[in-house]
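Q: Before we start, here is the structure in question, set down as structure tokens.
The values are calculated or read from the model by the stated rules, or taken from the named source; none is laboratory data. The structure displayed is predicted, hence computed values, not measured ones. Cβ atoms come from the backbone with ideal geometry, glycine included; neighbour counts cover every protein chain shown.
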Amino acid sequence: MGMRKKQEIKKQVKEMMLNIYYSPDNKISNKYVDWMGYPIDNFDDLTYHHITKASTLRNRSKDDKATLQNGALLCDSSHQNLHILEQIEPELYDLWNNLFIIINKSRNYPDEDTLNMISALQKATEKKLNEFNQKRHI
């Protein structure tokens with residue numbers, strides 16, 4: 001499948017995800033948030049995160065295109081931080097991906113329990129990223 005076709009599919013899936021998860025009632029402190037709990041300043045800047053990596057899917061001879069079940073909507077900075085986390089704290093990275101799967105299975109905006117899990121993972125993530133950044137600057 002060509003790159004242009006993959007980008008179009010990814011765009012369509014992102015739009016479907018936005019329609020499923022972001023009604024006007026789904027705001028925290030008058031802000032929409034991505035699936036890692038960070039504010040969305042511009043919906044056009046949302047990225048699609050593959051829960052199971054596209055390269056892994058290709059290696060398993062499976063379709064690697066974007067799907068509702070295998071994705072999470074993240075702001076660019078959240079997405080970058082998640083991939084740093086993948087390198088420095090793989091278990092925390094896996095916890096995020098498992099949470100994204102829970103969100104996908106619900107097909108609704110996260111409930112209070114899920115929002116609490118997002119908050120706890122967000123705190124753990126920020127702690128690990130701060131530790132990582134401090135080590136890099138020493």
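Q: Hey, Asp64 hits all of (1) charged (D, E, K, R); (2) surrounded by 18 or more Cβ atoms within 10 Å (Cβ to Cβ); (3) modelled with pLDDT of 95 or more but one; which does it fall short on?
A: Looking at each condition in turn, Asp64 falls short on (3).
Q: Okay, moving on. Given the conditions (1) loosely packed, with under 15 Cβ neighbours inside 10 Å; (2) of a type in the set (Lys, Arg); (3) modelled with pLDDT of 95 or more, report the number of the one that Lys105 does not fulfil.
A: Of the numbered conditions (1) loosely packed, with under 15 Cβ neighbours inside 10 Å; (2) of a type in the set (Lys, Arg); (3) modelled with pLDDT of 95 or more, the odd one out for Lys105 is (3).
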